[in-house]
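First comes the structure, then the notes that go with it.
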Amino acid sequence: MLVLVVNAGSSSLKCQLIQTDGKQSLMKALAERVGTPDASMKVAFAPDMEWRPVPVPEGADVPGCLSILLDRMESDPASPIRSVEQIQAIGNRVVAGGEYFTESVLIDEDGLQKIDECSTLAPLHNPAAVACIRLLQERLPDTPQTAVFDTAFHTTMPPKAYMYPLPMRYYTDLHIRRYGAHGTSHRYAAAQAARLLDRDIRDLGLITCHLGNGGSITAVNGGVSIDTTMGLTPLEGLMMGTRSGSIDPAIVTYVMRHDGIGFDEMESILNKESGILGVSGISGDMREVMAAADDGNELAQLAIDMYVFKVQKAIGSFYAIMRRTDAVVMTAGIGENSAELREKVFDGLAHMGMILDKEKNKVVGEIGVNRIVSVDDSPIAICIVTTDEEMRIARETDAICEAQAKG
Ligand code: AMP
């Protein structure tokens, strides 16, 4: 099935055209800083997949960029399709599904309204997704569209995990609770680890670690999420590239009063100027910070030490609430690629029975090949699962459309 995957953010748009039968990507596109004077867009087509610039007219918004991309897919001689009518289904990544959506769905009008209602939970992302879905409905009215939610996997969390210790009216009136995120990644990592261990996922206790620019860790008991580090928004939990993760909430009011800053500025500091970037003062990109630490930069080293410490504490706290722990699963940019960081994390966790095989850990894995990097008799296995979010959304969309066709 030929599936267009659309991942719309507040000021960015990522798309891929995926042939799910051959698991092949035929087109990739990325628009960034949309809505600013520095807006840019680029597209790449198979087989060479070389980036080509796409002009973005002044004032174009995220759906506007999508529309330009659809035109380009029809007009560029390098494009693998001549008409967007050839697209058989569209898979949309949706950040917040609130309490409505426990799994990915085929989008109908009722579903779209509910996604719109959830905009209060993801004010930067959901409105962009809704606008793109509507644009595609107009342009390709007969093409089925699915919504794949970041939050759906975590709807199995019990109230003791998802409630905040706040006055109950905030839950009943404002729906303030923990929803988690990176759900498709944690679900995929857990399923792949079960396959790797050759065990039924229903019998397994897994701690899945999505460590990328954003980061979250999930306790997966018998295949279902029982707790995760992200909360109402993706700001809670681990220290991340530019996000603070969990801090004493009193810091927020203290800084706002002391510096006389408003809500937007405070939110921007916590989301864009904190985390690894904030501490190191160098970058939110782990590779750059590791290189600086190697050159003797002490703040870079501190940022790495703090990052590792928080990952260790999260794994330890989830170990405490699991019925059993069979494996820790590492995925996303840092989790998959940094042998050094994995070694630092698991150096501190051997006493819990997570024993890394340092040689296996150093072997550079191939993209798409999952592997076990713990010693053979480690009581708890350590797995690496390589992930491709767009491919997962495409395959999920294919499965939903297939199930629908079978009735
Ligand atoms: P993601 O958001 O999953 O694309 O992950 C991006 C993060 O992964 C960035 O902080 C990268 O610096 C980091 N990353 C990717 N490859 C490596 C590597 N080999 N070593 C350390 N960090 C890496």
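Throughout, read-outs are computed from the coordinates displayed, never taken from laboratory work. Treat the numbers as computed from the prediction; the structure is a model and nothing was measured. For neighbour counting, all protein chains shown are included, and Cβ atoms are generated from backbone atoms with ideal geometry for every residue, glycine included.
Neighbouring Cβ atoms within 10 Å as the yardstick, rank MET306, MET41 fewest first.
Least to most surrounded, the residues fall as MET306, MET41.
How do TYR179, TYR162 line up, fewest other C-beta atoms within 10 Å first?
TYR162, TYR179
Sorted by average packing, counted as other Cβ atoms within 10 angstrom per residue and highest first, what order do 327-337, 106-116 take?
Top to bottom by mean Cβ count within 10 Å: 327-337, 106-116.
At a Förster radius of 25 Å, what calculated FRET efficiency corresponds to the Cβ-Cβ distance of GLU74 and VAL364, to the nearest 0.05?
My answer for the efficiency is 0.05.
Divide by every residue of the chain the summed helix terms, -39500 (n - 2.57) for each DSSP H run of at least 4, and state the resulting mean residue ellipticity at 222 nm, rounded to the nearest 500 deg cm²/dmol.
So the helix-based figure for the chain works out to -11500 deg cm²/dmol.
Just the Kirkwood number for the chain, please: inverse of mean 1/r across all distinct Cα pairs, in Å, one decimal.
Its Kirkwood hydrodynamic radius stands at 22.3 Å.
Tell me which of ILE68, ILE393, ILE18 sits at the most positive position along the dipole axis of the chain, charges placed on C-beta atoms (Lys, Arg +1; Asp, Glu -1).
Of the candidates, ILE393 comes out farthest on the positive side.
Label ASP203 and ASN297 with points 7 Å out from Cα along Cα→Cβ: what is the distance between them in nm?
With each label placed 7 Å out from Cα toward Cβ, I get 4.8 nm.
How high is the FRET efficiency from ARG169 to GLU267, r the C-beta distance, R0 22 Å, rounded to 0.05?
My answer for the efficiency is 0.45.
Among 191-197, 204-210, how do they line up by average Cβ neighbours within 10 Å per residue, starting with the highest?
204-210, 191-197
Take each of the peptides 216-228, 60-72, average the number of other beta-carbon atoms within 10 Å over its residues, and list them starting from the highest.
Those peptides, ordered most packed to least, come out 216-228, 60-72.
Could you size up the charge dipole of the chain around its Cα centre, putting +1 on the beta carbon of Lys and Arg and -1 on that of Asp and Glu, and report it in debye to the nearest 20?
780
Under 19 Å between alpha carbons, and skipping anything fewer than 8 positions from LYS310 in its own chain: which aspartates and glutamates qualify?
ASP227, GLU236, ASP248, GLU273, ASP285, GLU298, GLU336, GLU340, GLU343, ASP347
Which one of MET239, MET286, MET49 is farthest out on the positive end of the charge dipole of the chain, using unit charges on Cβ (Lys, Arg +1; Asp, Glu -1) and the Cα centre as origin?
The residue sitting most towards the positive pole is MET239.
Relative contact order, percent, of the chain when contacts are C-alpha pairs under 8 Å separated by at least 6 residues?
14
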